[in-house]
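Undergrad: Let me begin by handing over the structure; questions about it come next.
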Amino acid sequence: MKVPGFYSLVLEDSESIARAWVPFLAPAGLWVHARREHALGEEVVLLVQLPGGSRHSVAGRVAWVSAENRSEGAGRKTGIALDGAEGAELAARISQLAELESNPAKALLACS
């Protein structure tokens with residue numbers, strides 16, 4: 001049995017959300033910098049910290065693999081599609097955060 005990849009991702013502000021968010025995957029997904037090669041469909045586990053400190057563990061599967069980016073030394077950027085009910089809940093929460101971050105008026109209303 002192959003051990004799934006584990007990735008930790010800290011989304012601390014609107015910029016980090018925008019860099020990691022992959023809304024075109026169903027229900028949505030996140031980019032991670034992979035430490036090794038992954039096959040499409042391979043299962044991984046993401047440990048995600050959202051702005052405000054809430055932490056989430058969610059299963060996902062590799063849906064996109066970019067070429068290795070040697071100029072940045074960052075390795076491969078890998079798109080992980082979020083799976084299951086936990087993935088759908090996390091996708092909804094991140095989508096909400098992304099929308100609030102891009103619309104300051106909504107963010108103010110959400111706080112009141």
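Undergrad: Can you list the HN-Hα couplings for the range 33-38, worked out from phi with the Karplus curve (6.51, -1.76, 1.60; θ = phi - 60°), rounded to whole Hz and with x for Gly and Pro?
TA: 8, 6, 8, 9, 6, 10
Undergrad: Quick one: which residues, 5+ away or cross-chain, put their amide H under 5 Å from the amide H of R76? H built at 1.01 Å from N.
TA: A34, N69
Undergrad: Now a separate question. How about the range 1-45: which trypsin sites (Lys or Arg not before Pro) there are in a DSSP loop, with at most 15 other Cβ atoms within 10 Å of their Cβ?
TA: Counting only loop positions with at most 15 other Cβ atoms within 10 Å, the trypsin sites (Lys or Arg not before Pro) in the range 1-45 are K2, R35, R36.
Undergrad: Between A39 and E15, how many nm apart are label points set 7 Å from Cα along the C-beta direction?
TA: 3.9
Undergrad: Starting at the first residue of the range 83-96, write each ³J(HN,Hα) from the Karplus equation 6.51 cos²θ - 1.76 cosθ + 1.60 with θ = phi - 60°, in whole Hz, x for Gly and Pro.
TA: In residue order, the calculated couplings are 10, x, 5, 5, x, 5, 5, 5, 4, 5, 5, 5, 4, 4 Hz.
Undergrad: Here is a further query. Taking H placed 1.01 Å from N in the peptide plane, check which residues at least 5 places from V10 or on another chain put their amide H under 5 Å from its amide H.
TA: Q49
Undergrad: Same structure again: Ordered by packing density, taken as the mean number of other Cβ atoms within 10 Å over each peptide's residues, highest first, how do 38-48, 6-16, 54-64 rank? Intermediate results must be reported in sequence, preceding the final value.
TA: Numbers: 38-48: 15.8, 6-16: 14.1, 54-64: 17.4.
Sorting 38-48, 6-16, 54-64 by mean packing, highest first, produces 54-64, 38-48, 6-16.
Read-outs: derived from the displayed coordinates by stated rules, not from any lab. Owing to the predicted nature of the structure, the values given are computational and were not obtained by experimental measurement. Positions of Cβ are backbone-derived with ideal geometry, glycine not excepted, and every protein chain shown enters the neighbour counts.
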